[in-house]
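**Q** The structure follows.
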Amino acid sequence: MDKQRIRELRKQVAPFENSHLSKSITQVLNTIPPLFLVWALAYMAFDVSVWLSVGLAVIAAGFMVRTFIIFHDCTHGSFFKNKKANNIMGTITGILTLFAYEKWKREHSIHHATSSNLDKRGTGDMWVMTVEEYTNASVGQRIAYRLYRNPLVMFGLGPIYLFLVSSRINRKDARPKERWNTHLITLSVIVLYTLAGFLLGWTEFAIIQGTTVYVAGVLGIWLFYVQHQFEDSYFEEEAEWDYVKAAVDGSSYYQLPKVLQWLTGNIGYHHVHHLSPRVPNYMLEEAHESTPPLHQATTITLATSLTALKFRLYDETAKTFISFKDWKQRYMRTASTQAKG
């Protein structure tokens, strides 16, 4: 895509970058109160059936994901026009979703600025090794990478690490505002969870809130994973890397059923979001439909997205993801050829 087409594409998306106060307030009202309502129903149902409570907690997890989308928009300054309003709402939703607002805002902005750039990996994104890097890695590094990419670790331990460790510890170079915001959110969570435990019962709270937070964490990691790691995803070294190509070719269009699209705040239109983070989540679908060039983005569905679980290493030569099995077969062939030579 040449510079002229890049300018035209950004110009086409620009009209959708403005937030609308009425739509933002409506989204807050149809997201956060229902979250508390489903939570309350889960606690009320506990004496009837633990499994009914767990089922309601899973539904609450969907609303927590939607709450996170509000948090996410606030970090981009796209949910409200007023910066202070974004910061306040971002901090509140950060408490509800257990994320440190200022910390996540900084790391996520780096993710957007470096997404699909092979020379600038490591902040706000998932660990991706190239075939060459993995081939030259030590045994320890390979084991660590295999563990990281193992679905049981990524989706099993991932949410626990995300909520209890990553979101609670500041970066060494964090500014005072970021540090205090992290501590404020952590302290608020501790106080609220302690009160809830005493008032509602520790067993009930652990089961219901634990289910809600954990399932929401799994869903969040999955969405982030699948929208950047598909077979022909775009990755380039710094010299060849292009922001627009990284957005359109390095982010997928996750075509979800309407209910799931609503609960995930249209984040399936990830290619639009990466092209222009200033577009509020409730404008992403319209921006996509109104901009024909964006229809070229890779489209994945619930069924086809499951294949992403086998994508482990990025092949710079073939410009595609491969599995560990594919790498092993290739490695063995290379070793056999060298031995014969």
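The values are calculated or read from the model by the stated rules, or taken from the named source; none is laboratory data. Small disclaimer: the values here were computed from a predicted structure and weren't measured. Glycine also receives a Cβ, built like all others from the backbone with ideal geometry; neighbour counts cover every protein chain displayed. Only protein heavy atoms, including side chains, enter the accessible area calculation; ligands, DNA and RNA are left aside. Shrake-Rupley method; radii C 1.70, N 1.55, O 1.52, S 1.80 Å.
**Q** Looking at region 59-75, is at least one residue β-branched (Val, Ile, Thr), open to solvent by 30 Å² or more (accessible area, probe 1.4 Å), under 23 Å from residue 268 (Cβ atoms) and out of contact with any Gly (no Cβ under 9 Å at 6 or more places or on another chain)?
**A** The answer is yes, given that some residue of region 59-75 is β-branched (Val, Ile, Thr), open to solvent by 30 Å² or more (accessible area, probe 1.4 Å), under 23 Å from residue 268 (Cβ atoms) and out of contact with any Gly (no Cβ under 9 Å at 6 or more places or on another chain).
**Q** Select, from 328, 245, the only residue that is more than 30 Å from residue 17 (Cβ to Cβ) and either at pLDDT below 90 or under 16 Å from the mean Cα position of the chain (by Cα) (or both).
**A** Selected residue: 328, the only one of 328, 245 that is more than 30 Å from residue 17 (Cβ to Cβ) and either at pLDDT below 90 or under 16 Å from the mean Cα position of the chain (by Cα) (or both).
**Q** Can you tell me how many residues within region 140-184 are among the acidic types (Asp, Glu), out of contact with any Asp or Glu (no Cβ under 8 Å at 6 or more places or on another chain) and either in a helix (DSSP H, G or I) or on the phi > 0 side of the Ramachandran plot (or both)? Write out each step before concluding.
**A** Residues of region 140-184 among the acidic types (Asp, Glu): 173, 178.
Pick out the ones that are also out of contact with any Asp or Glu (no Cβ under 8 Å at 6 or more places or on another chain) and you get 173.
Next cut, either in a helix (DSSP H, G or I) or on the phi > 0 side of the Ramachandran plot (or both) only: none.
Summing the residues that are among the acidic types (Asp, Glu), out of contact with any Asp or Glu (no Cβ under 8 Å at 6 or more places or on another chain) and either in a helix (DSSP H, G or I) or on the phi > 0 side of the Ramachandran plot (or both) in region 140-184 gives 0.
**Q** What's the total number of residues in region 43-59 that are among the aliphatic types (A, V, I, L, M) and not in a helix (DSSP H, G or I)? Full working, then the answer.
**A** Step one: list which residues in region 43-59 are among the aliphatic types (A, V, I, L, M), which gives 44-45, 48, 50, 52, 54, 56-59.
Cutting the leftovers down to not in a helix (DSSP H, G or I) gives us 45, 48.
Number satisfying all stated conditions: 2.
**Q** Are any of the residues in region 108-125 touching a strand residue (DSSP E or B) at 6+ places or on another chain (Cβ under 8 Å), open to solvent by less than 50 Å² (accessible area, probe 1.4 Å) and of a type in the set (A, V, I, L, M, F, W, C)?
**A** Within region 108-125, the first condition is being touching a strand residue (DSSP E or B) at 6+ places or on another chain (Cβ under 8 Å), and the residues that meet it are 116-118.
Filter once more, so that each one left must be open to solvent by less than 50 Å² (accessible area, probe 1.4 Å): 116-118.
Then keep just the ones that are of a type in the set (A, V, I, L, M, F, W, C); that gives 118.
Yes, some residue in region 108-125 is touching a strand residue (DSSP E or B) at 6+ places or on another chain (Cβ under 8 Å), open to solvent by less than 50 Å² (accessible area, probe 1.4 Å) and of a type in the set (A, V, I, L, M, F, W, C).
**Q** Residues that are β-branched (Val, Ile, Thr) and open to solvent by 20 Å² or more (accessible area, probe 1.4 Å): does region 223-244 have at least one?
**A** Here is the first cut: in region 223-244, the residues β-branched (Val, Ile, Thr) are 226, 244.
Those still in the list that are open to solvent by 20 Å² or more (accessible area, probe 1.4 Å) too: none.
Scanning region 223-244, I find no residue that is β-branched (Val, Ile, Thr) and open to solvent by 20 Å² or more (accessible area, probe 1.4 Å), so the answer is no.
**Q** State which residue pairs qualify: first residue free of Cβ contacts under 8 Å to residues at least 60 places away in the same chain and inside region 94-108, second residue crowded, with 23+ Cβ neighbours inside 10 Å and assigned to a helix (DSSP H, G or I) in any location, beta carbons under 6 Å apart, and separation of 6 or more residues or different chains.
**A** Note: pairs meeting the criteria are 105/75; 108/75.
**Q** From (1) among the hydrophobic types (A, V, I, L, M, F, W, C); (2) under 29 Å from residue 30 (Cα atoms); (3) more than 16 Å from the chain's Cα centre (by Cα), pick out the condition that doesn't hold for residue 63.
**A** Every condition holds for residue 63 apart from (3).
**Q** Residue 38: assigned to a helix (DSSP H, G or I) and either in contact (Cβ under 8 Å) with a residue 40 or more places away in the chain or of a type outside the set (Asp, Glu) (or both), yes or no?
**A** yes
**Q** With over 23 Å from residue 221 (Cβ atoms) and exposed (fewer than 14 other Cβ atoms within 10 Å of the Cβ) as the only criterion, which of 14, 85 stands out?
**A** Exactly one residue qualifies, and that residue is 14.
**Q** I need the full set of residues from region 284-327 which are part of a helix (DSSP H, G or I), open to solvent by less than 70 Å² (accessible area, probe 1.4 Å) and touching a His at 6+ places or on another chain (Cβ under 8 Å), in order please.
**A** 284, 288, 294
**Q** Would you pick out the residues in region 245-263 that are surrounded by fewer than 21 Cβ atoms within 10 Å (Cβ to Cβ), polar (S, T, N, Q) and out of contact with any strand residue (DSSP E or B) (no Cβ under 8 Å at 6 or more places or on another chain)?
**A** Answer for region 245-263, where residues must be surrounded by fewer than 21 Cβ atoms within 10 Å (Cβ to Cβ), polar (S, T, N, Q) and out of contact with any strand residue (DSSP E or B) (no Cβ under 8 Å at 6 or more places or on another chain): just 261.
**Q** While we're on this one: Would you confirm, using the coordinates I've provided, whether residue 204 is open to solvent by less than 70 Å² (accessible area, probe 1.4 Å), closer than 22 Å to residue 87 by Cα and either touching a Ser or Thr at 6+ places or on another chain (Cβ under 7 Å) or of a type outside the set (A, V, I, L, M) (or both)?
**A** Values: open to solvent by less than 70 Å² (accessible area, probe 1.4 Å): yes; closer than 22 Å to residue 87 by Cα: no; either touching a Ser or Thr at 6+ places or on another chain (Cβ under 7 Å) or of a type outside the set (A, V, I, L, M) (or both): yes.
No: the conditions fail for residue 204.
**Q** Counting just the residues of region 264-280 that are more than 15 Å from the chain's Cα centre (by Cα), of a type outside the set (A, V, I, L, M, F, W, C) and open to solvent by less than 20 Å² (accessible area, probe 1.4 Å), which one comes out modelled with the lowest pLDDT?
**A** Step by step, filter region 264-280, then rank; the result is 276.
**Q** Let me ask another. In region 223-242, how many residues are within 19 Å of residue 297 (Cβ to Cβ) and either among the hydrophobic types (A, V, I, L, M, F, W, C) or without any contact (Cβ under 8 Å) to a residue 40 or more places away in the chain (or both)?
**A** 6
**Q** Just for region 188-209: of the residues that are touching a residue at least 24 places away in the same chain (Cβ under 8 Å) and under 16 Å from residue 58 (Cβ atoms), which one is farthest from the chain's Cα centre (by Cα)?
**A** This residue is 204.
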